[in-house]
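The values are calculated or read from the model by the stated rules, or taken from the named source; none is laboratory data. Nothing here was measured: the structure is a model prediction, and the numbers come from that model. Here Cβ is always computed from backbone atoms with ideal geometry, including for glycine, and neighbour counts include all displayed protein chains.
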Amino acid sequence: MFKMKNILISIGMIAAFAATDGFVADVSAQDSKPAQVTAQLRSPDGNLFLKVALSENGEPLYSLDYKGRAVVLPSRLGLELRGEIRTLNFNGVGKLSEPGAPVSLYDGFSSGVPETSEFDETWKPVWGEEEYIRNRYNELAVPFVQDASGRKMIVRFRLFDEGLGFRYEFPVQESLNYFVIKEELTQFAMAGDHKAFWIPGDYDTQEYDYVESRLSEIRSLMESAVTPNSSQTPFSPTGVQTSLQMKTDDGLYINIHEAALVDYSCMHLDLDDSNFVFTSHLTPDAQGWKGYMQTPCKTPWRTVMVSDDARDILASRMILNLNEPCAYDDVSWIKPVKYMGVWWEMITGKGEWAYTHDFPSVRLGETDYVSATPSGKHSANNENVRRYIDFAAEHGFDQLLVEGWNVGWEDWFGQSKDYVFDFVTPYPDFDIKALNDYAHSKGIRLMMHHETSSSVRNYERHLEDAYSLMEKYGYNSVKSGYVGNIIPRGEHHYGQWMNNHYLYAVKKAAEHHIMVNAHEAVRPTGLCRTYPNLIGNESARGTEYQAFGGTKPHHVTILPFTRLQGGPMDYTPGIFMMDVSKINPANDSHVNSTIAGQLALYVTLYSPLQMAADMPEHYQAHMDAFQFIKDVPVEWSESRYLYAEPGDYIVIARKAKTSDKADSAAQDGNSESVRVTSAEDGAWYVGGVTDGNARSLEVSLDFLEPGRKYFARIYSDAQDTDYQTNPETYTISEKKVTSRTVLKMKMARGGGFAISIVPQQ
């Protein structure tokens, strides 16, 4: 099941680094020559200290300290390249045969003159957790030249107050033009056996429950952590995914991730659990190689965030800051979205995506759906969709997602089928024009769904026609999916080829003014700054897993430290009926949350793509609680992180972005319907979630404007609420508050609370 490869930092290397002034390593070694320190750098606030050096073998090394405490011990930098040998075939024509010996791009270097610079700017995102973001760092660029080959490599470091980002850069050069990566050898040597919040390293899925353990325990827990998925390829008994959140025994919070993943393979981490050294492990292609490069080129940024306050990890915008500015001149068409969906009833098994049970095998353009017998369970039918449209429009939602509208769902999964969907032909009971006209007349849009079944060649074959159809009928956003094994066969979800596809789809969508929400795609790395129509991703266990056996309560207290570091998630909260068997008697799953806890997620799990995932009838039974979902904004001007401890609890306060936004629901030509929404000036929203333990916290409202009076509506777990035994009870209270108010909040096991705070006139 696993392929094991560990590249270890040598004892001698650590000792050599330790012998250099300012470097600390707890090792014992004799006869090691001191490493040659080539450069040093401090963060703008002086708390982070970076050293770069060369070992006696010419290996580039780095280390990182925070307030005098070791974060990353001396660690190796570099890559290993595919070697090539040239042979002749029988016709005497030269061709490449099997790879030759690997080529080192990790030793034998000497360093050139480092360059340093400072940077400080404030920029305005198209959407986000605050209206303005400061980007301040000190930069160090260290050139390295491999003495024997003449190959040149620059390692660029950016040191922020909250962490380090670094990448490899390769200028145009005779000795290194086109090259193939066998493996990237970047190391992150930890200073101890830290507590970690991790999921198994996997080339094809991130949909695992998080495990909380010591680094030394990962190996023993890996087998149970690898739970079944529609496509999965774990690679090591100690391999984990980024973003990896850790906590040291002396109270440091360390987070390892990557930023700006473009034209490169996704990075995982392989742990040497004897020495607590992580080594980068890239996702391979179908031939086993990790990346195809052409100079000039650069890798994604490798990131290490660190603080002695967990709230700083949540507040960091370092990943976004390491990405390029927005690539679009006009962003007026990109708007945050609050939506509902014809979705949960299929996820639970009450309904189905497929129209009929007549066809075990479907051939698009040949299979006669008109003469088929409807199963009676197809959820995307005209009557049902209109029911959802009516409810969504009545309660102020922007859009309605409809899954299962298009032909081909009868044999879509697990067949390795190339021509599986055409993305333009609706089922007989889905009148695409009439339903879109009806939605527009109500002031909302439909949201398109493109499940690709991971037949990527087929999706690209149809992409232009699919986006053009969306334009014709007034769709401006699409949820795409990549369930199952990738076609071309042998490629992985997170390899260089697929990562290029995901970005291609986003750029192509922008040509049609379409926003993209990709599911089962590579985990985000801040690219939404550059391409803000990448309005959301899944890329972790979302709410659907609550209908697939349930998700651990601590999951939602970890996601902001891990998955959400790279960008927003389409988590799809808002479930009010926790016993799934009441929807589908054949499904005995239980949603491991409470209603108040579900409300809290609209604040704690930031997303500009905000779904109310349950069915209308369940909201109609709790309209008082549903009011919070209606009220909570999708745009924020400011965020405050009040409490945070990964795996335990999170409390966040956010200020509504004050802006009247007009979203023309239009359309296909004639409709003049315009929907206008606005946030209350100065309104705040607070959300708190806990793990499987009940908690009491004092929440100070000192973030409110001093001297101003506010009206607070508080949604909280009741005295008898429990996520397992009594999840659907809650209380709603109202009171006048000011900046001097302190609220005593109780959270039931697996629960939480939500508060809306509106200024009084």
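Annotations
- Flag for residue 274 being without any contact (Cβ under 8 Å) to a residue 40 or more places away in the chain and part of a strand (DSSP E or B): no
Yes or no, residue by residue, for (1) surrounded by 18 or more Cβ atoms within 10 Å (Cβ to Cβ); (2) closer than 19 Å to residue 752 by Cα:
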residue: 603; (1), (2): yes, yes
residue: 609; (1), (2): yes, no
residue: 615; (1), (2): yes, no
residue: 624; (1), (2): no, yes
residue: 632; (1), (2): yes, yes
residue: 637; (1), (2): yes, no
residue: 651; (1), (2): yes, yes
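- Taking the range 352-368 as the range and being in contact with a strand residue (DSSP E or B) (Cβ under 7 Å, 6 or more places away or on another chain) and not charged (D, E, K, R) as the test, the residues that pass are 354, 355, 356.
- Neighbours by Cβ (under 9 Å, 6+ apart or cross-chain): first from the range 112-135, without any contact (Cβ under 8 Å) to a residue 24 or more places away in the chain and within 18 Å of residue 314 (Cβ to Cβ); second among the small types (Gly, Ala, Ser) and buried (at least 16 other Cβ atoms within 10 Å of the Cβ): 132/637
- Cross-chain or 6+ apart pairs with Cβ under 7 Å, the range 740-761 first and within 12 Å of residue 553 (Cα to Cα), then buried (at least 19 other Cβ atoms within 10 Å of the Cβ) and of a type in the set (Asp, Glu): 748/717; 751/717
- Selection count, the range 201-250, where residues are surrounded by fewer than 21 Cβ atoms within 10 Å (Cβ to Cβ) and in a helix (DSSP H, G or I): 8
- Test: residue in the range 360-378 that is within 24 Å of residue 440 (Cα to Cα) and either assigned by TED's automatic domain parsing to the domain that holds residue 515 or surrounded by fewer than 17 Cβ atoms within 10 Å (Cβ to Cβ) (or both): yes
- Close pairs from the range 34-57: first hydroxyl-bearing (Ser, Thr, Tyr) and modelled with pLDDT of 95 or more, partner part of a loop (DSSP other than H, G, I, E, B) and buried (at least 19 other Cβ atoms within 10 Å of the Cβ), Cβ under 7 Å, at least 6 apart: 55/35
- Some residue of the range 476-497 being within 23 Å of residue 340 (Cα to Cα), modelled with pLDDT of 95 or more and of a type in the set (Phe, Trp, Tyr): yes
- Looking only at residues in the range 390-416 that are of a type in the set (A, V, I, L, M, F, W, C), more than 19 Å from residue 469 (Cα to Cα) and more than 29 Å from the chain's Cα centre (by Cα), the one that is surrounded by the most Cβ atoms within 10 Å (Cβ to Cβ) is 393.
- Those residues of the range 177-200 which are out of contact with any Asp or Glu (no Cβ under 7 Å at 6 or more places or on another chain), modelled with pLDDT of 95 or more and in a loop (DSSP other than H, G, I, E, B), in sequence order: 186, 190, 191, 193, 194, 199
- Options 334, 313, 347; residue that is among the hydrophobic types (A, V, I, L, M, F, W, C), crowded, with 21+ Cβ neighbours inside 10 Å and closer than 30 Å to residue 645 by Cβ: 313
- Hits in the range 680-724 - residues which are more than 20 Å from residue 655 (Cβ to Cβ), part of a loop (DSSP other than H, G, I, E, B), touching a residue at least 40 places away in the same chain (Cβ under 8 Å) and among the charged types (D, E, K, R): 691
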